[in-house]
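Asks: The structure is given below, and queries will be raised subsequently.
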Amino acid sequence: MQEKTKRQILIITIAVAVLGLLCYFASKIGSQNLTESSELAATIIFQVRLPRIVAATVLGGALALSGYLLQIFFGNPIAGPYVLGISSGAKLVVALVMVFFLNQGISISSFGMVLAAFVGSLISMTVVLLLSAKVKNMSMLVVCGVMIGYICSAITDFVVTFANDSNIVNLHNWSLGSFSGMNWPNVWIGAGIVGLCLVLSFIFSKPIGAYQLGENYARNMGVNITLLRVGLIGLSSLLSATVTAFAGPISFVGIAVPHIMRSVLKTDRPLVMVPACFVGGAIITLVCDTIARSAFAPTEVSISSVTAVFLAPVVIYLMVKRRGDR
């Protein structure tokens, strides 16, 4: 009953956060002298502001859930899609595919972007897995992941910087991480993919719980370890890819939110942590996106800059604490 109450509190919290942000955006519209045109105000609220709020909610939750699944897979709380370079790999492949298609005068669909990002995520994940077989120290693996991220980001920046097409040059804002320009078709596609991954994560909750107690214990409980590992890799990569395809790479949400949720709820049970991470990631991403949009208005900063300021200290604390425990 206590766990159910906690989940209900989290759901209520995110509902209040979404409503509060919607009211905030509505008040900002009013302050910009748009009240004289109710039609214009309604268009801005429902076609510009609301898709962005929903996208930040869904994709922020997806990023935190992806980080939690990666932490389960590697058995370490400092694993995450951004830190391990998985998001950067997805960003690179999406940028290359978009540059190629736009140079041919062909527009790429939302599903095409997600597919390209998924391929990039899997490539980066494969490199990380190969490194993890050689590097047993998780801190060194994180450093390798950061280097992979830098390499992918450098190649992406090179491609975007020297592009000739104006549409390609506009990829620069996306490559830094932003929910700006979200529309309802992209929101529905992203929500559908994330919703499916969320359901599958719930289905995997019991096997994951057994896996946390050790591979031998999980096998004795009838868990197919190979299938579970493939599921964890596939779900975490697809979640990270969906976020990157629509919003670009967003830093530190995936690694910091699961740790925050563990500290708040005092548990690591997957049945609790899966919804908790999703809700926590949604709330934190919503807040950070609001700050990114309004702190220096009319100039908008990338959301990764804001998440780095607030969540990077959490990552530093995790690494220092892990070192101290040893």
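Asks: Of all residues in segment 294-313, count the ones that are part of a helix (DSSP H, G or I) and closer than 26 Å to Val142 by Cβ.
Replies: 11
Asks: So Thr267 fits all but one of (1) β-branched (Val, Ile, Thr); (2) more than 19 Å from the chain's Cα centre (by Cα); (3) surrounded by 20 or more Cβ atoms within 10 Å (Cβ to Cβ); what number is the exception?
Replies: Every listed condition holds for Thr267 apart from (3).
Asks: Kindly evaluate Asp325 against the criterion of being out of contact with any Ser or Thr (no Cβ under 8 Å at 6 or more places or on another chain) and at pLDDT 85 or above.
Replies: In short, no.
Asks: For Lys321, state whether it is at negative phi, charged (D, E, K, R) and surrounded by fewer than 18 Cβ atoms within 10 Å (Cβ to Cβ).
Replies: yes
Asks: State which residue is surrounded by the fewest Cβ atoms within 10 Å (Cβ to Cβ) when the search covers only segment 108-128 and only residues that are small (Gly, Ala, Ser) and at pLDDT 85 or above.
Replies: Looking at residues that are small (Gly, Ala, Ser) and at pLDDT 85 or above, I get Gly112.
Asks: Any chance segment 41-48 includes a residue that's of a type in the set (Phe, Trp, Tyr) and either at pLDDT below 75 or over 14 Å from the mean Cα position of the chain (by Cα) (or both)?
Replies: yes
Asks: Further question: Against the condition within 19 Å of Pro81 (Cβ to Cβ), surrounded by 14 or more Cβ atoms within 10 Å (Cβ to Cβ), without any contact (Cβ under 8 Å) to a residue 12 or more places away in the chain and of a type outside the set (A, V, I, L, M), how does Gly234 come out, does it pass?
Replies: Spelling it out, Gly234 is indeed within 19 Å of Pro81 (Cβ to Cβ), surrounded by 14 or more Cβ atoms within 10 Å (Cβ to Cβ), without any contact (Cβ under 8 Å) to a residue 12 or more places away in the chain and of a type outside the set (A, V, I, L, M).
Asks: Quick test of your reading of the structure: Gly181 fulfils all but one of (1) part of a helix (DSSP H, G or I); (2) under 30 Å from Val315 (Cβ atoms); (3) at pLDDT below 85; (4) not aliphatic (A, V, I, L, M). Name the failing condition by number.
Replies: (1)
Asks: Identify, please: which residue in segment 294-318 is modelled with pLDDT under 85 and closer than 18 Å to Pro51 by Cβ and is, among those, surrounded by the most Cβ atoms within 10 Å (Cβ to Cβ)?
Replies: Of everything passing the filter in segment 294-318, Glu300 is surrounded by the most Cβ atoms within 10 Å (Cβ to Cβ).
The values are calculated or read from the model by the stated rules, or taken from the named source; none is laboratory data. This one's a predicted model, so the numbers in the text were calculated from it and none came from an experiment. Cβ: placed from backbone, ideal geometry, glycine included. Neighbour counts: every protein chain shown.
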